[in-house]
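The values are calculated or read from the model by the stated rules, or taken from the named source; none is laboratory data. Fair warning: this is a prediction, and the values are worked out from it, not measured in the lab. Ideal geometry is used to build each Cβ from the backbone, glycine not excepted, and the neighbour counts take in all protein chains shown.
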Amino acid sequence: MHNPIPTARTLAMSLALALALPAFAAPKSLPQVQEAPLRAHLAFLSSDLLEGRGTGQRGGDLTVAYLENQAMAAGLKPVRDGGYRQLVKIAGVKALPETSTLHLAVNGAAQPFAFGKDWVWGAGDAQARHEFDAPLVFVGYGIAAPEEGWDDYKGQDVTGKIVVMMVNDPAPTAEAPERFGGKALTYYGRWTYKFEEAKRRGAAGALLIHTDASASYGWSVIQNSWSGVERFQLAQGAPGTPLQGWIGNDAAVALFKAAGQDLDALRAAAERKDFAPVPLQARLAGTLQAAVRTVEQYNVAGIVPGTDPKLKDEVVIYSAHWDHLGKQGDGKDNIFNGAVDNASGTAALLAMAQEAAKAPAKRSQMFLWVAAEEQGLLGSAAYATDPLWPLAKTAANLNLDSLNWIGTARDIGTQGSERTELGRMAAATAKAMNLRIADARPDLAGGYFRSDHFSFAKAGVPAFSIEGGRDYVGDKEAAAAERKAYGARYHQVGDEYDPKWDLSGMTQQAQFTLNLGRMVADAPKMPAWRAGDPFGKARK
């Protein structure tokens, strides 16, 4: 049994009461997301025809063409005179291990580590050739956080050196249960931060030590993203360190042992504030060769203009990334279709736009499909750097990434919304739809920092990703098993569309997002950040 969708009057009254804000005039009929177009878009976007929507690949170009034409058909207007596309210049870099001589050595003896199996690496600055002969330094978590009184570098000059570090951030203790967000992962724990801080310190390179627990995914995900594939970075802006990479846990333990160190002991030491960097009797040496090219990719954006003479100059942005991993390797099935991740969000935005265009809100509403999320949120980062709409007049960003393909739920996930007034608005929206907000869970995997909304949050725009619920209306055991099984398909060729999927939950999630966006678009004022939130500083 599906949850009934409330009338416009019920929704407007519930939202106003829950927020204690002046009631806005409800439209005669709220836009209702339809499952049929959502399913059609999903099936096409995840088909082999689009070849996994890879960045810099033919399938990605086809996807952009499809999106801009569907945006036009839905009634969206171009944001700028140039049409629906926003150019994102990207450098494509593919490591060439077969012609490289890069190796890790202890006392001059190369360690027997195989590229892909034991470690992966690439050029973080989009240069085709680098020569290395640099010492390694273990820097714990690689974090410098003044507000926590934490500095893993402790004045160590790592200029020209290779820093080796753990992912994640220091665990809470009985004495400091809330340090680094308690059980939740902070941005300091993300691998992107580690590379950024290494660059700020002048390091020649950074190697991250992988474990399934700390990364929240297996080594196969690293392999699929780094080994034998082209990686991407923004062509404009500051480059990264000359070398970036990962080393598997077994290889790291062996390397440290050969260098006379106990990695587990050093890990334990790195949990304390008094940890100091440990130079290793090991070096990175040899030549790194890479194939480098410049790629023009595109964000796709369309607008539903607002109706209020003043508020129409402000905008609510709905976003989803259109890319996945494309075609890789020469296997019988080498297409990473990315049906859930993220043909689902891409399709949902198209279905939402089709209805939103029929009933404009007071503020303008932008539907934004961003490029190269799988390469490090590149499309959304490019948008935040050169926005199509002033960030100061952007009320919120509501992002969709990997939607609920299992079935209708009694709850909805709004993790991250509590950082801003969007949290209260999301709760009111859920109540009006006879939903409850999913129970809060520690963000152990740092999900808030892993989707495109984070590019907006860093720029000061209230933002979060709407997640599917977990309290499924149907067979709970079967639903839990199906959800768990997806873990084996994540970033694999098996993430494919199944015509038997019950898309009522996906439609429900899209409807919630559109209802919440409508509330933001019609509210008297833009939502604000909670006092003290670090991302609120950019807004000010």
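Can you find, within segment 325-370, the residue that is surrounded by the fewest Cβ atoms within 10 Å (Cβ to Cβ) among those that are of a type in the set (D, E, K, R) and within 25 Å of the chain's Cα centre (by Cα)? Looking at residues that are of a type in the set (D, E, K, R) and within 25 Å of the chain's Cα centre (by Cα), I get LYS327. Considering only residues of segment 494-536 that are in contact (Cβ under 8 Å) with a residue 24 or more places away in the chain, small (Gly, Ala, Ser) and not in a helix (DSSP H, G or I), which is surrounded by the fewest Cβ atoms within 10 Å (Cβ to Cβ)? My answer is ALA528. Within segment 114-143, the set of residues being on the phi < 0 side of the Ramachandran plot, surrounded by fewer than 17 Cβ atoms within 10 Å (Cβ to Cβ) and not in a strand (DSSP E or B) comprises ALA114, LYS117, GLN127, ALA128.
Taking the stated definitions as given, is GLU296 surrounded by fewer than 16 Cβ atoms within 10 Å (Cβ to Cβ), touching a residue at least 40 places away in the same chain (Cβ under 8 Å), assigned to a loop (DSSP other than H, G, I, E, B) and of a type in the set (Asp, Glu)? So GLU296 does not fit the description; no. In segment 381-427, the qualifying residues are those that are crowded, with 21+ Cβ neighbours inside 10 Å and of a type in the set (Asp, Glu), and the one that is nearest to ALA238 (Cα to Cα) is ASP401.
Taken over segment 481-493, the criterion of being touching a Gly at 6+ places or on another chain (Cβ under 9 Å) and outside any helix (DSSP H, G or I) is satisfied by HIS491, VAL493. Evaluate segment 302-324: report whether one residue or more is surrounded by 22 or more Cβ atoms within 10 Å (Cβ to Cβ), closer than 27 Å to GLN492 by Cβ and modelled with pLDDT under 95. No; the residues of segment 302-324 include none that is surrounded by 22 or more Cβ atoms within 10 Å (Cβ to Cβ), closer than 27 Å to GLN492 by Cβ and modelled with pLDDT under 95. Listed by first and then second residue, the pairs with beta-carbon distance under 6 Å, at least 6 apart or on different chains, first residue in segment 396-410 and assigned by TED's automatic domain parsing to the domain that holds GLY345, second of a type in the set (Phe, Trp, Tyr) and buried (at least 24 other Cβ atoms within 10 Å of the Cβ), are ASN397/PHE456; LEU398/TYR318.
Here's the yes/no breakdown for (1) surrounded by 16 or more Cβ atoms within 10 Å (Cβ to Cβ); (2) acidic (Asp, Glu); (3) in contact with a strand residue (DSSP E or B) (Cβ under 6 Å, 6 or more places away or on another chain); (4) without any contact (Cβ under 8 Å) to a residue 40 or more places away in the chain:
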{"position": "TRP219", "(1), (2), (3), (4)": "yes, no, yes, yes"}
{"position": "GLY228", "(1), (2), (3), (4)": "yes, no, no, no"}
{"position": "ALA235", "(1), (2), (3), (4)": "yes, no, yes, no"}
{"position": "PRO242", "(1), (2), (3), (4)": "yes, no, yes, no"}
{"position": "LYS257", "(1), (2), (3), (4)": "no, no, no, yes"}
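What is the one condition in (1) more than 15 Å from the chain's Cα centre (by Cα); (2) among the small types (Gly, Ala, Ser); (3) surrounded by 15 or more Cβ atoms within 10 Å (Cβ to Cβ); (4) on the phi < 0 side of the Ramachandran plot that ALA478 does not satisfy? Condition not satisfied by ALA478: (3).
Quick check on segment 144-165: of everything there that is of a type in the set (Asp, Glu) and part of a loop (DSSP other than H, G, I, E, B), which residue is surrounded by the most Cβ atoms within 10 Å (Cβ to Cβ)? If we take residues in segment 144-165 being of a type in the set (Asp, Glu) and part of a loop (DSSP other than H, G, I, E, B), then ASP152 is surrounded by the most Cβ atoms within 10 Å (Cβ to Cβ).
Quick check on GLU175: is it more than 27 Å from GLY108 (Cβ to Cβ), in a helix (DSSP H, G or I) and either of a type in the set (Asp, Glu) or touching a Leu at 6+ places or on another chain (Cβ under 9 Å) (or both)? Considered against the rule, which asks whether it is more than 27 Å from GLY108 (Cβ to Cβ), in a helix (DSSP H, G or I) and either of a type in the set (Asp, Glu) or touching a Leu at 6+ places or on another chain (Cβ under 9 Å) (or both), GLU175 comes out as no.
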